[in-house]
Amino acid sequence: MTHAEAAERAAFLSAELHRHNRLYYVEARPVISDKEFDGLLRELQEIEAQFPDLLTPDSPTQRVGGAALEGFTQITHSVRMMSLDNTYSEEELTAFFARVQKGLGREQVECVIEPKVDGVAISVRYEDGVLKHGVTRGDGTTGDDVTNNLKTIKTLPLRLPKDGPQTFEVRGEVFMPKAGFAKLNQEREEAGESLFANPRNSTAGTLKLLDPKIVAKRPLDIVFYGLADASGLPIESQNDVRKLLEAAGLPKSNLLWHADSAEGLLKAIRELDEQRKALPYETDGAVIKVNAFTDQSELGVTSKAPRWAIAYKYQPEQAETKILAVDIQVGRTGALTPVARLEPVFVSGSTVSNATLHNFEEIERKDIRVGDRVIIEKAGEIIPAVVSVKTEKRDGSEQPIVPPTHCPVCGTGVHRDEEQVVIRCPNPKCPEVVKRRIEHFVSRAAMDISGLGESVVAQLVDLRLVGDVADLYALNELLLARLERVGTKSIDNYLKAIEASKQQDPWRLVFGLGILHVGAGGARKLLEHFGGIDALAKASVEELMQCPDIGEIVAVSIHAWFRDELNIQLLDRLRAAGLNFVQKAVEAASDKLAGTTWVITGTLSQERETIADTIRSHGGKVSGSVSGKTTYLLAGADAGSKLDKATKLGVKVVSEAEFRTMIG
Ligand code: IVH
């Protein structure tokens, strides 16, 4: 291929890929298959590899992240990024509207009301139809250039449709969808990593990452709601801004109200409060804006916020209660987490009797004591937390909470991590750590040894029948007979389940071992790559990093785990017990599902992973989230948001019975 031919072909492929991206992610009506799309993308990658000068920053190949940065460049905003004044009551909102009426000297003023998305503010500039940059608010004047991270957001076009506006700067909010946030935290928990407190923190933390390849794995999304600059374009109101977003194919909120009176505003914020729970992102309020730009400029701005807009914040539900005690939970990694036991109190639809205190630094900062009356808060996805202490209600009997110097269970001296926030019990034989590890090992997501619930595991450890996961395979009827309230039938079932687990795929074993930073997905990738545990155990850090999705931190952790003397012995005993160390290729059962992509939801007769394996064995693909690329949604009982989304996108929904008929 000559350079000229390559340039022509690359331009064609690039335009096609941009078009298909938009059809898929923005309009949810793909016209080609995943495979065809990947084929076009690969062809473009090959051309760009051969002719590097043809690689442009807006190439569709640049989504998954280029090289990691040393730090972010600062960019000065073309128009200052202000924030909003907040109101917390309907009276304050009515007063805002009265100020607007007075300022404009008339009764009727048209306003728009939208959800206030709880994420991170961003300013995005397009020039000549190409994404130029995306910048965080920073101090309002200058922010961080996070363009490379934003490019990983699939709903954000890198290039705009030719028939729409080409040069402008818009403002929006980057967020992490509730479902993606829950999944990310679950994976972090499984991998023994610290949890994000809420979707906004995880969004902010993700945008600050310097390596776009890691960002690409986090489920960020974006919505736009405002304009910074559109010189030359005929935009005269918030309504026009929405039209601009529409014409440019940029994502915006579906919910919008118009009102021209105080009553209208109140009605809108009440309706929004009802509907926001169903939104895919967290919202903490409503934003009310005067619609016409002429009115906006007449009202002007203060030093900090515009006079033509206001945020109405919904109260997260709070309640007052008493801290009865503070217990220390010992996690699988030995992390000691303080948990407040509360006088039960009803808040946000459920009774709360525990609240996380996160860590001891937080306790000190808020000066929380046992016996204190406290305000607790619960909102959306957020775990109940203690927000403040009613110090005025103290009577002197309250007891300060002292960070432990020794593990409350085994008495070993604690370790603090580098930032001194997490306190850990370093004793691998600590009975609580052992219990958590075994619970994880036998869990459905790992070795799936059914029946061995928390209370049985606790007894096994307390009776010293089991000191690590390999001891499970030395159990017999005689030993199990020592368990309390466990009959012969159950004993028989436990032994069968333990025996059956020897045949589990080795990725489940690797996941079950609880190596720091290795979740179920990572374990799968590792075994697919290395084929067996022995090869994995021998791999160098560099070799581990050759495996897709395994970065340096994870590789170092895996490498160290397999070189620890205790772990080497543990593996030897597991091998001697007859556990399966070699990854079987999924046996092809048929190609009845070839070319189809499935999403599984709801309660089904088998574990999801098992059903996923069945789908794969019949040639189908399995994905975690519903999109335009989904062929079928396999929905069991109590299917929730995925079912709604599938219905909305017109994805065919099948029951388990229909699925079984399809595969014969
Ligand atoms: S309009 C002059 N609309 O909330 C600022 N902001 O607390 C105009 N936000 O900085 C902002 N959803 O980061 C606007 N629908 C929405 C919003 C929204 C979330 C954020 C934004 C803003 C902050 C103010």
query = In the set 599, 554, which member is in a helix (DSSP H, G or I), aliphatic (A, V, I, L, M) and under 22 Å from the mean Cα position of the chain (by Cα)?
reply = 554
remark   = Within the stretch 19-38, of all residues that are farther than 18 Å from residue 158 by Cβ and of a type in the set (D, E, K, R), the one surrounded by the most Cβ atoms within 10 Å (Cβ to Cβ) is 34
key: Set 183, 151, 132: member being out of contact with any Leu (no Cβ under 7 Å at 6 or more places or on another chain) and modelled with pLDDT of 90 or more   = 132
Residues being assigned to a loop (DSSP other than H, G, I, E, B) and of a type outside the set (A, V, I, L, M, F, W, C) - total across the stretch 358-399 = 14
query = Of all residues in the stretch 152-164, which are more than 26 Å from residue 284 (Cα to Cα) and either surrounded by 20 or more Cβ atoms within 10 Å (Cβ to Cβ) or within 15 Å of the ligand (Cβ to nearest atom) (or both)?
reply = 157, 158, 159, 160
task = Report the residue count in the stretch 103-113 for those that are more than 16 Å from the ligand (Cβ to nearest atom) and buried (at least 22 other Cβ atoms within 10 Å of the Cβ).
result = 0
key: Selection count, the stretch 264-300, where residues are within 15 Å of the ligand (Cβ to nearest atom) and without any contact (Cβ under 8 Å) to a residue 40 or more places away in the chain   = 4
remark   = Apart from one, (1) under 30 Å from residue 260 (Cα atoms); (2) away from the ligand (no atom under 16 Å from the Cβ) all hold for residue 36; the odd one out is (1)
ask   = Do the conditions hold for residue 53, that is, is it modelled with pLDDT under 95, away from the ligand (no atom under 16 Å from the Cβ) and among the charged types (D, E, K, R)?
value = yes
remark   = Going through the stretch 10-65 in order, the residues found to be farther than 19 Å from residue 131 by Cβ and in contact (Cβ under 8 Å) with a residue 24 or more places away in the chain are 28, 29, 30, 33, 34, 35, 40, 43, 47, 50, 51
remark   = Counting only strands (runs of 3 or more DSSP E) entirely within the stretch 235-320, those with at least 1 residues that are among the β-branched types (Val, Ile, Thr) are 283-290, 309-313
inquiry  = One residue is enough: does the stretch 478-490 have a residue meeting the conditions in a helix (DSSP H, G or I), closer than 24 Å to residue 584 by Cα and touching a Gly at 6+ places or on another chain (Cβ under 9 Å)?
reply    = no
inquiry  = Can you report the number of residues in the stretch 315-349 which are buried (at least 17 other Cβ atoms within 10 Å of the Cβ) and either within 16 Å of the ligand (Cβ to nearest atom) or small (Gly, Ala, Ser) (or both)?
reply    = 4
key: Single residue of the stretch 126-145 satisfying the filter (away from the ligand (no atom under 14 Å from the Cβ) and touching a residue at least 60 places away in the same chain (Cβ under 8 Å)) that is farthest from residue 282 (Cα to Cα)   = 130
task = Residue by residue through the stretch 19-50, note down the ones that are within 26 Å of the chain's Cα centre (by Cα) and either over 24 Å from residue 632 (Cα atoms) or among the acidic types (Asp, Glu) (or both).
result = 27, 34, 38
task = Could you list all residues from the stretch 315-346 that are touching an Asp or Glu at 6+ places or on another chain (Cβ under 6 Å), over 17 Å from residue 369 (Cα atoms) and not polar (S, T, N, Q)?
result = 316, 330
remark   = Restricting attention to the stretch 67-106, the residues that are assigned to a helix (DSSP H, G or I) and more than 13 Å from residue 299 (Cα to Cα) number exactly 6
task = Could you tell me which of the residues 72, 97 is more than 33 Å from the chain's Cα centre (by Cα) and of a type in the set (Phe, Trp, Tyr)?
result = 97
task = Kindly provide the set of residues from the stretch 70-88 that are more than 11 Å from the ligand (Cβ to nearest atom), surrounded by fewer than 18 Cβ atoms within 10 Å (Cβ to Cβ) and of a type outside the set (S, T, N, Q), ordered by number.
result = 70, 71, 88
note = Filtering the stretch 453-499 for residues that are touching a residue at least 60 places away in the same chain (Cβ under 8 Å) and either more than 38 Å from the chain's Cα centre (by Cα) or surrounded by fewer than 11 Cβ atoms within 10 Å (Cβ to Cβ) (or both) leaves a count of 1
query = Which of the residues belonging to the stretch 114-135 are among the β-branched types (Val, Ile, Thr) and crowded, with 22+ Cβ neighbours inside 10 Å?
reply = 117, 120, 122, 124, 135
note = Here the qualifying pairs (Cβ atoms under 6 Å; residues six or more apart or on different chains; first in the stretch 619-647 and under 21 Å from residue 219 (Cβ atoms); second surrounded by 18 or more Cβ atoms within 10 Å (Cβ to Cβ) and among the charged types (D, E, K, R)) come out as 626/642; 626/645
Single unsatisfied condition, residue 205 versus (1) without any contact (Cβ under 8 Å) to a residue 40 or more places away in the chain; (2) within 16 Å of the ligand (Cβ to nearest atom); (3) under 15 Å from the mean Cα position of the chain (by Cα) = (2)
note = Residue set 16, 43, 92; condition within 16 Å of the ligand (Cβ to nearest atom), surrounded by 13 or more Cβ atoms within 10 Å (Cβ to Cβ) and either among the acidic types (Asp, Glu) or at pLDDT below 90 (or both); output residue 92
inquiry  = I'd like to check something: does the stretch 58-76 contain any residue that is more than 25 Å from residue 218 (Cα to Cα) and of a type outside the set (Val, Ile, Thr)?
reply    = no
note = Taking the stretch 166-183 and keeping residues closer than 30 Å to residue 230 by Cβ, more than 13 Å from the ligand (Cβ to nearest atom) and aromatic (Phe, Trp, Tyr) leaves 168
key: Filter result for residue 576 (in contact (Cβ under 8 Å) with a residue 12 or more places away in the chain and of a type in the set (Gly, Ala, Ser))   = no
Of residues in the stretch 301-314 being β-branched (Val, Ile, Thr) and out of contact with any strand residue (DSSP E or B) (no Cβ under 7 Å at 6 or more places or on another chain), the one nearest to the ligand (Cβ to nearest atom) = 301
task = Name the residue, out of 268, 247, 292, that is hydrophobic (A, V, I, L, M, F, W, C), surrounded by fewer than 17 Cβ atoms within 10 Å (Cβ to Cβ) and either over 30 Å from residue 352 (Cβ atoms) or touching a strand residue (DSSP E or B) at 6+ places or on another chain (Cβ under 9 Å) (or both).
result = 247
task = Read through the list (1) more than 16 Å from the ligand (Cβ to nearest atom); (2) within 30 Å of residue 275 (Cα to Cα); (3) part of a strand (DSSP E or B), then give the number of the only condition that residue 121 fails.
result = (1)
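The values are calculated or read from the model by the stated rules, or taken from the named source; none is laboratory data. None of the values given here were measured: they were computed from a predicted structure. A quick note on method: Cβ atoms are made from the backbone with ideal geometry, for glycine too, and the neighbour counts reach across all protein chains shown.
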